[in-house]
Amino acid sequence: MTELRVDHLIKDWGETRAVNGVSFVAKSGTLTVLLGPSGCGKSTILRMIAGLETVEEGQVRIDGQDITHEDPAKRGVSMVFQSYALFPHLDVRENILFGLKVRKVGATEREKRLREAAEMVGLQDFLQRKPSQLSGGQRQRVALARTIVSKQPICLMDEPLSNLDAKLRAEMRDEIHLLQKSLELTMIYVTHDQTEAMSLADQVILLRKGEIAQVGTPLKLYEEPATGFVAEFIGTPPMNVIDRADLEMGLGDEKRFRFMGIRPEKIRFSQSGLSVEVLAVDYMGAETVVKLKHGGAVILARIEGRPDVYPGAHLNIEWNDQDVHLFDQQGDRIE
């Protein structure tokens with residue numbers, strides 16, 4: 001069980017600041033997800049933790065020990081890359097054992113770890129195959145097995161499932177979660193996919209332009225977004241964040257807010273309320289996503305079943321007051 005602490009990390013690419021004062025703690029045995037759009041700095045942070053990128057300012061500490069400038073091989077971390085990073089000329093067995101041989105782990109111990117890891121990820125019957133003879137999911141399992149045999153207490157994962165199809169991605173996501181819990185790993189997982197973040201994480205760190213937008217549990221980010229950016233990034237479909245100038249409705253005594261947020265699933269059709277025009281209807285099976293227009297605002301509503309609406313129709317929508325989120329001129333949450 002190992003705690004990772006990152007304090008005020010800074011990284012520049014020329015004149016561009018890629019990481020700007022990022023600080024967080026990943027508690028022992030937990031799974032922390034670094035989430036955000038492309039270019040937000042999440043992979044750079046992971047590589048700084050691993051020692052694959054230099055740290056210009058700040059500290060990386062493991063159980064209180066400063067490893068900011070430590071050799072990557074001596075940090076006590078393992079890493080799973082997006083590309084799997086397998087040796088094409090080695091079979092599965094040798095790919096899994098490669099790191100142990102480099103560290104001169106004894107043959108008996110290597111074989112023991114190999115058997116355990118291969119059984120955990122279901123590769124017992126594939127040890128003699130080359131990576132080219134494996135499916136994408138099997139290659140990812142080889143990368144996971146290599147992490148398991150290393151027995152490092154901290155595991156870093158850089159978008160490990162992005163090369164897989166949707167069904168396999170869901171299956172592998174469950175496997176990674178089970179492995180992380182069973183091995184009690186402290187895991188830092190990078191993704192731009194909020195579904196992965198919401199289903200895997202004990203803690204989500206949402207990044208924007210090299211800075212932390214919000215830290216918290218998936219539930220916290222979903223129900224209490226700190227900014228309009230967080231509100232629009234988390235959720236499928238995302239929260240509707242509407243400029244008050246586009247709202248043709250009474251606003252009561254609340255004069256401070258600039259933007260109003262409402263989740264699509266909190267919207268319902270009604271006899272009165274906000275008048276809207278239907279722009280599009282996307283039938284998703286158990287639910288339907290309806291794209292609506294009100295003034296200059298486009299609003300998404302997620303409705304159970306298949307409502308009898310069609311593009312061009314005019315109707316009304318409403319929601320409960322307690323489901324509304326308010327944001328100020330800068331996009332920060334108003335409590």
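Where does the chain land on Rg/Rh, using Cα atoms and the Kirkwood Rh? Provide the component values of the computation, followed by the final result.
Values: Rg = 23.7 Å, Rh = 22.3 Å.
Looking at the chain, the ratio lands at 1.06.
Shape class for the stretch 66-210, computed from the alpha carbon gyration tensor (a ≥ b ≥ c): oblate, with a/c not under 1.5 and a/b at or below b/c.
Give me the compactness ratio for the stretch 233-334, meaning the Cα radius of gyration over 2.2 N^0.38 Å.
Values: Rg = 13.5 Å, N = 102, 2.2 N^0.38 = 12.8 Å.
Relative to the rule-of-thumb radius for its length, the stretch 233-334 sits at 1.06.
Of the trypsin sites (Lys or Arg not before Pro) found in the stretch 241-335, the ones in coil according to DSSP and having at most 11 other Cβ atoms within 10 Å of their Cβ are LYS255, ARG256. Of LYS220/LYS266; LYS74/LYS101; LYS151/LYS181; LYS27/LYS112; LYS112/LYS151, which pairs sit farther than 19 Å apart, going by alpha carbon to alpha carbon? Listed pairs above 19 Å: LYS27/LYS112.
For the stretch 36-114, the equivalent ellipsoid built from the Cα gyration tensor has semi-axes of 28, 18, 9 Å, listed from largest to smallest.
Starting from the Cα-Cα distance between ASP12 and GLU94, subtract it from 0.36 nm times their residue separation and give me the gain in nm to one decimal. Show your work: numbers first, answer last.
Working: separation 82, 0.36 × 82 = 29.52 nm, distance 3.76 nm.
Extending this stretch completely gives an extra 25.8 nm.
By DSSP, the beta bridges lying fully in the chain are antiparallel in about 75 percent of cases. In this simple spin-label model, placing a label point 7 Å from the Cα along the Cα-to-Cβ direction at both ASP328 and ASP66 gives a separation of 3.7 nm. With a Förster radius of 35 Å applied to the beta-carbon distance between LYS112 and SER135, the computed FRET efficiency rounds to 0.80.
When the Cα gyration tensor is reduced to axis lengths a ≥ b ≥ c, the ratio a/c is 1.5 or higher for the stretch 174-265, and with a/b above b/c it is classed as prolate. Modelled spin labels at LEU168 and ALA280, positioned 7 Å past Cα toward Cβ, are 2.9 nm from each other.
Suppose R0 equals 45 Å; then what is the FRET efficiency for ARG306 and SER83 from their Cβ-Cβ distance, rounded to the nearest 0.05? That pair, ARG306 with SER83, gives E of 0.60. Loop-resident trypsin sites (Lys or Arg not before Pro) (DSSP state other than H, G, I, E or B) in the stretch 1-36 with no more than 15 further Cβ atoms inside 10 Å of their Cβ: LYS27.
The loop-placed trypsin sites (Lys or Arg not before Pro) in the stretch 149-202, going by DSSP, include none that has at most 13 neighbouring Cβ atoms within 10 Å of its Cβ.
How much mean residue ellipticity at 222 nm does the chain get from its helices, if each DSSP H run of length 4 or more adds -39500 (n - 2.57) and you divide by all residues, to the nearest 500 deg cm²/dmol? Working shown, then result.
Values: 8 runs with 87 residues, N = 335.
So the calculated ellipticity at 222 nm is -8000 deg cm²/dmol.
Read-outs: derived from the displayed coordinates by stated rules, not from any lab. Computed from a predicted model, the values in this text were never measured in an experiment. Ideal geometry is used to build each Cβ from the backbone, glycine not excepted, and the neighbour counts take in all protein chains shown.
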